[in-house]
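Q: This is the structure, below, for whatever I ask next.
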Amino acid sequence: MMKKEKGADGGAGCASAVKEVIMLDRIPDKEQMTALVGESLYEIWIKLCALIDENYDMDRLWNKGGKAWTYEYKYRRGGKTLCALYARENCVGFMIILGKDERLKFEKDRENYGEEVQRIYDETQTYHDGKWMMFEPTDTSLFDDFVRLLRIKRKPNRK
């Protein structure tokens with residue numbers, strides 16, 4: 001599969017001056033994403049991208065979403081993944097992987113997270129490389145918790 005670089009304003013991702021690496025023949029545009037996930041979830045997708053872009057200067061990679069998802073939109077820097085967004089029919093996903101030290105930080109602060117985040121944390125299997133926590137937001141109610149989880153992984157690098 002060939003990697004292509006494209007300006008960030010060319011597709012359904014968020015518009016900023018960060019490079020995107022596309023592992024797809026074509027990245028989906030706004031109309032394709034809206035047709036896939038629906039208008040209200042596309043708005044959640046855009047707001048979540050904006051929230052991440054506001055705090056982090058990262059490379060962003062489009063890819064196929066594997067068996068369970070149509071698209072993957074990954075935030076990476078220096079070979080490390082911060083998080084990934086996923087899209088499939090009528091659904092968007094937000095995944096964050098917490099390694100051993102990051103799980104300890106979460107567990108020390110878990111009472112400051114909402115019930116849903118605590119439940120997903122508890123129900124997520126722990127693998128050798130961490131807990132692969134997947135959220136399927138339908139509104140912005142978990143966004144504050146998402147920001148806290150992202151800060152466990154990496155301090156914001158935008159002023």
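Q: I want to confirm something. Restricting to the range 77-98 and keeping residues that are of a type in the set (D, E, K, R) and modelled with pLDDT of 95 or more, which single residue is nearest to residue 117 (Cα to Cα)?
A: Residues of the range 77-98 that are of a type in the set (D, E, K, R), as a first pass: 77, 80, 88-89.
Subset that is modelled with pLDDT of 95 or more: 88-89.
On the way: 88: 22, 89: 23 Å.
Among them, the one singled out is 88.
Residues are listed down the side, and each one gets a yes or a no for (1) closer than 17 Å to residue 52 by Cα; (2) within 17 Å of the chain's Cα centre (by Cα):
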residue: 87; (1), (2): yes, yes
residue: 104; (1), (2): no, no
residue: 108; (1), (2): no, no
residue: 118; (1), (2): no, no
residue: 121; (1), (2): no, yes
residue: 128; (1), (2): no, no
residue: 141; (1), (2): yes, yes
residue: 151; (1), (2): yes, yes
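Q: Please go through the range 129-141 and give me each residue that is under 18 Å from residue 82 (Cα atoms) and open to solvent by 20 Å² or more (accessible area, probe 1.4 Å), ordered by number.
A: Going through the range 129-141, the residues under 18 Å from residue 82 (Cα atoms) turn out to be 129-137.
Within the range 129-141, 129, 132, 134, 136 meet the criteria.
Q: Kindly check whether there is at least one residue in the range 102-120 that is under 23 Å from residue 25 (Cα atoms) and in contact with a strand residue (DSSP E or B) (Cβ under 6 Å, 6 or more places away or on another chain). Spell out how you get there, then give the answer.
A: Initial filter on the range 102-120 (under 23 Å from residue 25 (Cα atoms)): none.
No, because not a single residue in the range 102-120 is under 23 Å from residue 25 (Cα atoms) and in contact with a strand residue (DSSP E or B) (Cβ under 6 Å, 6 or more places away or on another chain).
Q: Find the residue count for the range 26-56, including only residues that are β-branched (Val, Ile, Thr) and without any contact (Cβ under 8 Å) to a residue 24 or more places away in the chain. Reasoning before the result, please.
A: Kept after step one, since they are β-branched (Val, Ile, Thr), are these residues of the range 26-56: 27, 34, 37, 44, 46, 52.
Filter once more, so that each one left must be without any contact (Cβ under 8 Å) to a residue 24 or more places away in the chain: 34.
Of the residues in that region, 1 qualify.
Q: So residue 155 passes all but one of these: (1) touching a residue at least 12 places away in the same chain (Cβ under 8 Å); (2) open to solvent by 10 Å² or more (accessible area, probe 1.4 Å). Which condition number does it fail?
A: All conditions pass for residue 155, except number (1).
Q: Give the number of residues within the range 55-70 that are of a type in the set (Ser, Thr, Tyr) and out of contact with any strand residue (DSSP E or B) (no Cβ under 8 Å at 6 or more places or on another chain).
A: Quick first cut of the range 55-70, residues of a type in the set (Ser, Thr, Tyr) only: 56, 70.
Subsequent filtering for residues that are out of contact with any strand residue (DSSP E or B) (no Cβ under 8 Å at 6 or more places or on another chain) retains none.
Summing the residues that are of a type in the set (Ser, Thr, Tyr) and out of contact with any strand residue (DSSP E or B) (no Cβ under 8 Å at 6 or more places or on another chain) in the range 55-70 gives 0.
Q: In this structure, is residue 25 exposed (fewer than 15 other Cβ atoms within 10 Å of the Cβ) and either over 17 Å from the mean Cα position of the chain (by Cα) or at pLDDT 85 or above (or both)?
A: On the way: exposed (fewer than 15 other Cβ atoms within 10 Å of the Cβ): yes; either over 17 Å from the mean Cα position of the chain (by Cα) or at pLDDT 85 or above (or both): yes.
Yes, satisfied.
Q: Sort out which residues of the range 57-76 are in contact (Cβ under 8 Å) with a residue 24 or more places away in the chain and surrounded by fewer than 20 Cβ atoms within 10 Å (Cβ to Cβ), and write them in order of number. Reasoning before the result, please.
A: In the first step, residues of the range 57-76 are kept if they are in contact (Cβ under 8 Å) with a residue 24 or more places away in the chain; the result is 57-64, 69-71, 73.
Correct list: 57, 59, 63, 64, 70.
Q: So, of the residues in the range 105-125 that are without any contact (Cβ under 8 Å) to a residue 24 or more places away in the chain and surrounded by 12 or more Cβ atoms within 10 Å (Cβ to Cβ), which turns out to be farthest from residue 41 (Cα to Cα)? Before the answer, list the steps.
A: Taking the range 105-125 as the starting set, the residues that turn out to be without any contact (Cβ under 8 Å) to a residue 24 or more places away in the chain are 107-108, 110-111, 115, 118-125.
Subset that is surrounded by 12 or more Cβ atoms within 10 Å (Cβ to Cβ): 110, 118, 120-121, 124.
Numbers: 110: 27, 118: 23, 120: 20, 121: 23, 124: 23 Å.
Here the residue is 110.
The values are calculated or read from the model by the stated rules, or taken from the named source; none is laboratory data. Bear in mind that the values here come from a model prediction, so they are computed numbers and not experimental data. Please note: Cβ atoms are built from the backbone with ideal geometry, for glycine as well, and neighbour counts cover all protein chains shown. We work out accessible area using only protein heavy atoms, side chains counted, and drop any ligands, DNA or RNA first. Shrake-Rupley method; radii C 1.70, N 1.55, O 1.52, S 1.80 Å.
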